[in-house]
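To keep things clear, I will list the structure first and then write my remarks on it.
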Amino acid sequence: MTTLAILPCGKKKVWDLDPSRGKVKVREAYVGTLHQLTRQYAEMFCDQWVILSAKHGYCFPNEIIDKNYDLTFGMPKSEMMITNEQLKKQIKEKRLDQYDQIIVLTGKKHKVIVEQTFNQENQLSFPLLGTRGIGEMQQRLKQAIIKRQPLHK
């Protein structure tokens, strides 16, 4: 069984630490604690991971992001924000719909976006939903990593 993890991108990026930094790979761009924990989890328990960005959509670790941005799915719609149609196109082009299981390591604001853009809802798992916030999400991820026990089935 092949497993894809969808990770949140996160507000804190490498350019916040080094504004002179140029283009970077996705795997280097996001430096926040939640993103780092979801990435560790995904690398331990899944075959592949992508981030879900309101600006860039679904991105593999080696794709390039050219500069900092501050855009989230919780904001009012912006012309810079990716559309559901663009996300659906990315899913097909990047063959993200070819995985047996899709583990969504985000909060509830991303749940709607993922469900609207992926057709195979029966393959979607949201193991971090039901938490009381980011702190509890981080604790769940830390414990799963330490114990080497996945949160998803």
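The values are calculated or read from the model by the stated rules, or taken from the named source; none is laboratory data. As the structure is a computational prediction, the values presented were derived from the model and not from experiment. As a convention, Cβ positions derive from the backbone with ideal geometry for all residues, glycine included, and neighbour counts pool all protein chains shown.
Taking the conditions (1) more than 20 Å from Thr2 (Cα to Cα); (2) outside any helix (DSSP H, G or I) in turn, Lys109 satisfies each one other than (2). Taking region 6-42 as the range and being of a type in the set (Lys, Arg) and touching a residue at least 12 places away in the same chain (Cβ under 8 Å) as the test, the residues that pass are Lys11, Lys12, Lys13, Lys23, Lys25, Arg27, Arg39.
Conditions tested, residue by residue: (1) closer than 25 Å to Lys88 by Cα; (2) at pLDDT 95 or above; (3) over 12 Å from the mean Cα position of the chain (by Cα); (4) buried (at least 17 other Cβ atoms within 10 Å of the Cβ).
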| residue | (1), (2), (3), (4) |
| --- | --- |
| Gly10 | yes, no, no, yes |
| Trp15 | no, no, yes, yes |
| Gly22 | no, no, yes, no |
| Cys46 | yes, yes, yes, yes |
| Lys55 | yes, no, yes, no |
| Tyr58 | yes, yes, no, yes |
| Asn68 | yes, no, yes, no |
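Is there a residue in region 76-96 that is under 30 Å from Lys147 (Cβ atoms) and touching a residue at least 40 places away in the same chain (Cβ under 8 Å)? For region 76-96, residues under 30 Å from Lys147 (Cβ atoms) and touching a residue at least 40 places away in the same chain (Cβ under 8 Å): present.
Any residue that is under 23 Å from Leu129 (Cβ atoms) and in contact with a Pro (Cβ under 8 Å, 6 or more places away or on another chain) - is there at least one of those in region 18-34? Walk me through it before giving the result.
Of the residues in region 18-34, the ones under 23 Å from Leu129 (Cβ atoms) are 30, 32-34.
Filter once more, so that each one left must be in contact with a Pro (Cβ under 8 Å, 6 or more places away or on another chain): 34.
There is at least one residue in region 18-34 that is under 23 Å from Leu129 (Cβ atoms) and in contact with a Pro (Cβ under 8 Å, 6 or more places away or on another chain).
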